[in-house]
Amino acid sequence: MGDRPQRIINNQAVTCCDMALGVFGVRLGTSTGASESGTAEGIEWFIDNY
């Protein structure tokens, strides 16, 4: 689709959020190449942009 999968998810979901809430267990997910995980990348994007 012309971009990294996590960036597409961030553009479709994270950019529309007014609040972020996270509940974590043992792991955050797998590396996206740009961040430790997709979860971490979404949280970092949210913090940087709000």
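Pairing each residue of region 33-44 that is under 14 Å from residue 4 (Cβ atoms) with any residue that is in a helix (DSSP H, G or I) and charged (D, E, K, R), provided the two are 6+ apart or on different chains, yields C-beta distances under 9 Å for 34/7; 34/41; 35/41; 35/44; 41/7. When residue 6 is tested against (1) of a type outside the set (Ser, Thr, Tyr); (2) exposed (fewer than 13 other Cβ atoms within 10 Å of the Cβ); (3) in a helix (DSSP H, G or I), exactly one condition is not met: (2).
For region 10-50, a tally of residues being assigned to a loop (DSSP other than H, G, I, E, B), surrounded by fewer than 13 Cβ atoms within 10 Å (Cβ to Cβ) and not small (Gly, Ala, Ser) returns 9.
Quick note: the coordinates plus some simple rules give every number you see, no bench work behind them. Predicted model, so just to flag it, every value in this text is computed and none were measured. Note that each Cβ is placed from the backbone with ideal geometry, even for glycine, and that neighbours are counted across all protein chains shown.
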